[in-house]
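Step one of this worksheet: look at the structure below.
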Amino acid sequence: MELQRLFGANVRHHRKAKGWTLERLSDQVGVSRETIGNIERGKAAPLFETAEKIAAALGVPASVLFGAGALPGTGERARLLNEIHATLSRMNDDQLARAGKMLKAFLG
C-alpha cells in the first residue's frame, strides 16, 4: 500500500509541475480521469503498462514515480521526511504556498 500511495503522490506532483489537469494526463495515457484520480490518491494500483505510459507522458523514468528519487536514509527521520514529501506532493498550489509560509514562520 505504501508504494501505491508513493506512486500516486509522485504522479500528482509531476502532473501538477507540468500544469496538466487530470483530463490531460488521462487523454495522454488512454485511461479514464477517474482512473488517474484513483491512482493519484493511492486508491488504485496501475498495471505496469499503464505505469509506463504515465511515466512516458510525464517525461520521467517510471522508477522515479515508484520512489527511486525518494529521500534517502533509513529510520524514523527518513520515514517522516518521505511522509512529509508525499503529503506536500498531494497539495494544490494554494495549500503548498500556505504550508511554505507556515514552515517559515515556525522556523523563525
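Bear in mind these aren't lab numbers, they're just calculated from the coordinates by the rules spelled out. Just so it is clear, the model here is predicted, and its values are computed rather than measured. Every residue, glycine among them, receives a Cβ derived from its backbone with ideal geometry; neighbour counts consider all protein chains shown.
Some notes on this structure:
- Protection-proxy order for peptides 8-17, 58-67, 87-96, each taking the mean of Cβ atoms within 10 Å per residue, highest first: 8-17, 58-67, 87-96
- Under 12 Å, Cβ to Cβ, from GLN4 - net charge with Lys/Arg +1 and Asp/Glu -1: +1
- The trypsin sites (Lys or Arg not before Pro) of segment 39-70 that meet both conditions, a loop assignment by DSSP and at most 16 other Cβ atoms within 10 Å of the site Cβ, are ARG41, LYS43.
- Ignoring aspartates and glutamates fewer than eight residues from LYS101 along the same chain, the ones with Cα atoms less than 16 angstrom from its Cα are ASP93.
- Here the spin labels are modelled as points 7 Å beyond Cα on the Cα-Cβ line, and at GLU23 and ALA99 they lie 2.6 nm apart.
- Using the Cβ-Cβ distance between THR87 and ALA44 with R0 = 30 Å, the FRET efficiency computed as 1/(1 + (r/R0)^6) comes to roughly 0.95.
- Among [x] 17.6, 61; [y] 14.4, 47; [z] 12.3, 35, the entry derived from the coordinates for Rg and Dmax of the Cα atoms in Å: [y]
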